[in-house]
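One structure is given here, and the rest of the page talks about it.
The values are calculated or read from the model by the stated rules, or taken from the named source; none is laboratory data. Since the model is a prediction, treat every value here as computed from it, not as a measurement. All Cβ positions, glycine included, derive from the backbone under ideal geometry; neighbour counts span all protein chains shown. Accessible surface areas use protein heavy atoms only, side chains included; no ligands, DNA or RNA. Shrake-Rupley method; radii C 1.70, N 1.55, O 1.52, S 1.80 Å.
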Amino acid sequence: GYVDLERTVLHTTDTVFEIGSVSNQFPATLLLKLMEERKLSLDDPIGKFVKALHTEWRQITLRNLLNHTSGVPDIEEIFGYESYRKQFTVAEIIKVASSRPMPFATGTKSQYSNTNYYLLGLAVQTLERRTYSESLQERIFKPLGMTHTQESDPWAIIPNRAAGYRINEQGELVNR
């Protein structure tokens, strides 16, 4: 199919796609590697690695974040899908997400939250003492020969990147 409807560009084997939440396997893999190296336990609280957290969140475990039983509000739900075109600081994301009440008590329910994996990425950064993106490249992408894989960056010029589309409220296909 087409990867750019405006220019009628067809998909090729070199097309680069954003994969969204399918990429949650990457922070999970990094965390499990760090666990194997005895640098953390899945029962460690996130507050051990991310200091500037809402009090209610500090004792949530890495395990709760991994399996979406944390009760932490979903940042994408708060900001909306269009927020991916904006850049926010860590402090802004934590402040906005923690301004909302937790929809359920930690461990009592499971509900998908992008904030969970964002926080796990911050824990990886703390433990690795480098950016999350650098950890992805060095520990996963390079060893596996994933030369066209990187952290999403809406501002970067990425050759062969497929355009993103969504269906609006009227059922029309529009740019994302």
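Summary table below
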| quantity | calculated |
| --- | --- |
| Estimated FRET transfer efficiency (Leu144, Arg166; beta-carbon r; R0 35 Å; 0.05) | 0.70 |
| CD proxy at 222 nm, helix term only [per DSSP H run n ≥ 4: -39500 (n - 2.57); per residue of the chain; nearest 500] | -8000 deg cm²/dmol |
| Kirkwood hydrodynamic radius (C-alpha pairs) into Stokes-Einstein, the chain, 10 °C and 1.306 mPa s, D in µm²/s | 89 |
| Using alpha-carbon coordinates, inclination of helix 114-128 to the longest axis of the chain, degrees | 70 |
| Accessible area per residue in Å² at 1.4 Å probe, computed on the chain | 62 |
| Residue-level accessible surface for Thr126, protein heavy atoms, 1.4 Å, Å² | 70 |
| In degrees, nearest ten, helix 25-36 long axis to first principal axis of the chain (Cα) | 40 |
| Contact order relative to length of the range 38-168, as percent, for alpha carbon pairs under 8 angstrom and 6 or more apart | 25 |
| Ile157, Ile75, reordered so the largest accessible area comes first (probe 1.4 Å) | Ile157, Ile75 |
| Listed residue pairs exceeding 28 Å between alpha carbons, taken from Lys95/Lys142; Lys48/Lys109; Lys39/Lys86; Lys109/Lys142; Lys39/Lys142 | Lys95/Lys142; Lys39/Lys86; Lys109/Lys142 |
| Dipole moment magnitude, nearest 20 debye, the chain about Cα centre, only Lys, Arg, Asp, Glu C-beta charged | 560 |
| Whether the range 59-148 is rounded, prolate or oblate, judged on the alpha carbon gyration tensor where a/c under 1.5 counts as rounded | prolate |
| Solvent exposure ordering (accessible area, 1.4 Å, most first) of His148, His11, His68 | His148, His11, His68 |
| Accessible-area ranking of Tyr112, Tyr2, Tyr132, Tyr165, largest first, probe 1.4 Å | Tyr2, Tyr112, Tyr165, Tyr132 |
| Residue-level accessible surface for Phe17, protein heavy atoms, 1.4 Å, Å² | 110 |
